[in-house]
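Working notes, structure below.
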Amino acid sequence: MLDWALTIAVAIAAVLAIKAWVVNPYRIPSSSMEPTLHCAAPEPGCLAGTSDRVLANRFAYRFMDPERGDIVVFRTPPDVTCPGPGDVFVKRLIGLPGDTVEIRDDQLYVNGEPVPEPYVNGGAVGEPFGPVTVGEGEYFMMGDNRLSSCDSREWGTVPRENLIGPVFARYWPVQRIGFQ
């Protein structure tokens, strides 16, 4: 009996440790990342019947710097007023510390250079914005569905300590399993 109890306790501890420090699952609740990551209808703008479930690497940013283009899970800054479920968002990292971000003429520019964005929903880059310079230790995040994303254009940058980790895989639904 003691052997069984010890085995179950070790298994539970291992799962909780992995979830806390290595990898954690997240569900996509809104259309802000469509069509890259799907949310479930009947939510407005959702293209699928089932929300995508993704895995984020919780320790990657301890050993490497975030890169422009990463899809990142992060805790929202305190002044976020977007409607939504909870305080964790999934968005694309657009601006690194020191970058200048601007949208003009239906084109995203970072440091004055146009950024190709084949992942943007319908090709709509969004309303004119900026230019804004990203502060030291801060990151500028935007959803791929620019016309339906509450992101850094509204509430500013995200501090490094709020970054949970990059999304590296989609594990649900089965027909969309894959690595990012």
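Tabulated data for the structure shown
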item: Output for segment 145-156, where each listed residue is surrounded by fewer than 21 Cβ atoms within 10 Å (Cβ to Cβ) and in contact with a strand residue (DSSP E or B) (Cβ under 6 Å, 6 or more places away or on another chain); result: R153
item: Some residue of segment 170-178 being modelled with pLDDT under 95, in contact with an Asp or Glu (Cβ under 8 Å, 6 or more places away or on another chain), open to solvent by 60 Å² or more (accessible area, probe 1.4 Å) and of a type in the set (A, V, I, L, M, F, W, C); result: yes
item: Meets criteria (of a type in the set (D, E) and surrounded by 15 or more Cβ atoms within 10 Å (Cβ to Cβ)) for E102; result: yes
item: Test for N57: is it at pLDDT 90 or above, on the phi < 0 side of the Ramachandran plot and open to solvent by less than 50 Å² (accessible area, probe 1.4 Å); result: yes
item: Residue, farthest from Y109 (Cα to Cα), within segment 128-144, restricted to residues that are touching a residue at least 40 places away in the same chain (Cβ under 8 Å) and open to solvent by less than 40 Å² (accessible area, probe 1.4 Å); result: G137
item: Any hit, segment 116-126, residues being in contact (Cβ under 8 Å) with a residue 12 or more places away in the chain, within 17 Å of F89 (Cα to Cα), surrounded by 15 or more Cβ atoms within 10 Å (Cβ to Cβ) and not charged (D, E, K, R); result: no
item: Top-ranked residue of segment 66-99 - restricted to ones that are among the charged types (D, E, K, R) and more than 12 Å from I28 (Cβ to Cβ), ranked as surrounded by the fewest Cβ atoms within 10 Å (Cβ to Cβ); result: D79
item: Considering residues of segment 47-65 that are in contact with a Lys or Arg (Cβ under 7 Å, 6 or more places away or on another chain) and assigned to a loop (DSSP other than H, G, I, E, B) only, the residue nearest to P25 (Cα to Cα); result: D52
item: Filtered residue count, segment 144-168, keeping only those that are part of a strand (DSSP E or B) and in contact with a Gly (Cβ under 7 Å, 6 or more places away or on another chain); result: 1
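The values are calculated or read from the model by the stated rules, or taken from the named source; none is laboratory data. Worth saying up front: this structure is predicted, and the values here are computed from it rather than measured. Cβ coordinates were reconstructed from backbone atoms using ideal geometry, including for glycine residues, and neighbour counts include every protein chain displayed. With ligands, DNA and RNA removed, areas are computed over all heavy atoms of the protein, side chains included. Shrake-Rupley method; radii C 1.70, N 1.55, O 1.52, S 1.80 Å.
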